[in-house]
Amino acid sequence: MPHHLSVRIDPNSGFCFGVIYAIQMAEDLLDEQGYLYCLGDIVHNDEEVERLERRGLRIIDYDQLANLRREAVLIRAHGEPPSTYQMAMENELTLVDASCPVVLKLQNRIKTSYDKQDRIFIYGKHGHAEVRGLLGQTSGQAVVFESLEELLSHELPPRLTLYSQTTKSTDSFYRIKNELVERGYEVNANDTICRQVSNRDKDLRRFANQFDQVVFVSGTKSSNGKVLYQVCKDTNPATHFISKVDDLDHNWFAPGQSVGICGATSTPMWQMEQVRDALLAL
């Protein structure tokens, strides 16, 4: 068994402010009233969701929302389309809105763009919570695409307006924009990627470079987790993805190695600390 691993947690990893704000809001209300409905997973991390469910959080979907009357419902950081607010009004629901300010600003920009009748294309993940909220600003008219290939498979207008889900990679976004410009399209590109996410790229590269092994902790549903894990893996091939402490394999490590622990914007600090403690106990 390896012993004396030196282990360090990345100080820049862990919840972004949007998630911290939503969870803080949920915890305050749980303390107050003992339970709280939340539309969709409050964060794309099963362990954190389970922790909050034990405190009384009740995760519901749209069908359940439609049948709810006169209750308080939390809107998570990803934001929601206008149809959700409409339904809440009809059902006399109180919305506790923890939409991230970065996402709300983007929703407003897309709405303004749509009102000007721009042809809107959104670089993002189909069906993702945030993307649904963005698409809702355009009455479902905008085109969502996940890659340049997919975008080019559409009949593109000569002038198009480009937006991005807040957690996408800035590099990919600009590659797509430049490729379109080279092909002769007129592109109004709005880089709406959250700087707290995009700056993590650089921080993570620096961090991952310093260790023999890197353990990346993230929920499997996190888009941002997939992007950041790839950043780590490209920087340091000895990077291991785990979604909970039980996924650790002691065969990854050799005596005396240095290990770095990092995670997504949806990875709670307590989970990275759990992983650290497990590694120090090896």
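The values are calculated or read from the model by the stated rules, or taken from the named source; none is laboratory data. As the structure is a computational prediction, the values presented were derived from the model and not from experiment. Using ideal geometry, Cβ is built from the backbone for each residue, glycine included, and neighbour counts are taken over all protein chains shown. To get the accessible areas, we keep the full protein, side chains included, count just its heavy atoms, and leave off ligands, DNA and RNA. Shrake-Rupley method; radii C 1.70, N 1.55, O 1.52, S 1.80 Å.
So, in nm, how far is label GLN141 from label ASP247 when the simple model puts each one 7 Å beyond its Cα toward the Cβ?
Calculated label separation equals 4.1 nm.
Which peptide among 267-275, 252-260 comes first, and what is the full order, when sorted by highest mean count of other Cβ atoms within 10 Å? Provide the component values of the computation, followed by the final result.
Values: 267-275: 19.2, 252-260: 16.7.
Ranked by mean Cβ neighbours within 10 Å, highest first: 267-275, 252-260.
Quick check for me: using +1 on Lys/Arg Cβ and -1 on Asp/Glu Cβ, what's the dipole size of region 116-240 about its Cα centre, in debye to the nearest 20?
On the way: 17 positive and 15 negative charges, 69 e Å.
Here region 116-240 has a charge dipole of around 340 debye.
Please name which of LEU204, GLY79, SER6 has its Cα lying farthest along the dipole of the chain towards the positive end, using unit charges on Cβ (Lys, Arg +1; Asp, Glu -1) and the Cα centre as origin.
LEU204
If amide hydrogens are placed 1.01 Å from N in the peptide plane, which non-local residues have theirs closer than 5 Å to the one on SER6?
GLN257, SER258, VAL259
Sorted by mean Cβ packing within 10 Å, highest first, what order do the peptides 140-148, 192-200 take? Intermediate values should be presented prior to the final figure.
On the way: 140-148: 15.9, 192-200: 19.3.
Sorting 140-148, 192-200 by mean packing, highest first, produces 192-200, 140-148.
Taking 0.36 nm per residue of sequence separation and subtracting the Cα-Cα distance, how much length would be gained by fully extending the chain between GLN33 and ALA254, in nm to one decimal?
On the way: separation 221, 0.36 × 221 = 79.56 nm, distance 4.89 nm.
Difference between extended and current length: 74.7 nm.
Among LYS168/LYS244; LYS116/LYS202; LYS125/LYS177; LYS105/LYS233; LYS116/LYS168, which pairs are too far apart, with a Cα-Cα distance over 28 Å?
Details: LYS168/LYS244 24 Å; LYS116/LYS202 36 Å; LYS125/LYS177 17 Å; LYS105/LYS233 32 Å; LYS116/LYS168 25 Å.
Check vs 28 Å cut-off fails for LYS116/LYS202; LYS105/LYS233.
Could you check how much of the accessible area of the chain is carbon and sulfur, as a whole percent, using a 1.4 Å probe? Mind showing how you got there, number by number?
Working: 6290 of 13210 Å².
Here carbon and sulfur together make up 48 percent of the probe-accessible area.
Tell me, what HN-Hα J-couplings in whole Hz come from the Karplus equation 6.51 cos²θ - 1.76 cosθ + 1.60 at θ = phi - 60° for each residue of region 272-278, using x for Gly and Pro?
For region 272-278, the Karplus-derived couplings read 5, 5, 4, 5, 4, 4, 5 Hz, x marking Gly and Pro.
With every protein chain left in place, what is the accessible area per residue of the chain in square angstrom, probe 1.4 Å?
On the way: 13210 Å² over 282 residues.
I get 47 Å² per residue for this part.
Using helices alone, what [θ] at 222 nm do you get for the chain, with -39,500 (n - 2.57) per DSSP H run of 4 or more residues, divided over all residues and rounded to the nearest 500?
After summing the helix terms and dividing by residue count, I get -13000 deg cm²/dmol.
Which value, in debye to the nearest 20, describes the size of the charge dipole of region 17-99 about its Cα centre when Lys and Arg Cβ atoms bear +1, Asp and Glu Cβ atoms bear -1, and nothing else is charged? Display every interim value, and only then the final one.
Working: 7 positive and 17 negative charges, 28 e Å.
Rounded to the nearest 20 debye, it is 140 debye.
Fully extended, how many nm does the chain gain between ASN12 and ASP212 (0.36 nm per residue separation, minus their Cα-Cα distance)?
Working: separation 200, 0.36 × 200 = 72.00 nm, distance 1.92 nm.
Working it through step by step, the gained length comes to 70.1 nm.
With labels modelled as points extended 7 Å from the Cα through the Cβ direction, what inter-label distance (nm, one decimal) is found for LEU152 paired with LEU280?
Taking the simple label geometry, LEU152 and LEU280 are separated by 5.1 nm.
Test of the criteria: in region 1-88, which trypsin sites (Lys or Arg not before Pro) are in a DSSP loop and have at most 11 other Cβ atoms within 10 angstrom of their Cβ?
On the way: sites: ARG8, ARG51, ARG54, ARG55, ARG58, ARG69, ARG70, ARG76; in loops: ARG55, ARG69, ARG70, ARG76.
The qualifying sites are ARG69, ARG70.
So what are the ³J(HN,Hα) numbers for region 164-179, from phi and the Karplus equation (6.51, -1.76, 1.60; θ = phi - 60°), rounded to whole Hz, Gly and Pro as x?
Working through the residues one at a time gives 9, 3, 5, 9, 6, 7, 4, 4, 4, 4, 6, 4, 5, 4, 5, 4 Hz.
What does the accessible area of LYS111 come to, in Å² to the nearest 10, when a probe of 1.4 Å is used?
Surface accessible to solvent at LYS111 totals approximately 80 Å².
How large is the charge dipole for the chain, taken about the Cα centre, if only the Cβ atoms of Lys, Arg (+1) and Asp, Glu (-1) carry charge, to the nearest 20 debye? Walk me through the numbers on the way to the answer.
Working: 30 positive and 39 negative charges, 146 e Å.
The dipole of the chain has a size of about 700 debye.
Give the Rg/Rh ratio for region 161-282, taking Rg as the radius of gyration of the Cα atoms and Rh as the Kirkwood radius, to two decimals.
Details: Rg = 17.1 Å, Rh = 15.8 Å.
With Rh from the inverse mean 1/r over Cα pairs, Rg/Rh is 1.08.
For the chain, count the residues as N, evaluate 2.2 N^0.38 Å, and divide the Cα radius of gyration by that value, please. Walk me through the numbers before you get to the answer.
Values: Rg = 20.6 Å, N = 282, 2.2 N^0.38 = 18.8 Å.
With N residues counted in the chain, Rg over 2.2 N^0.38 Å equals 1.10.
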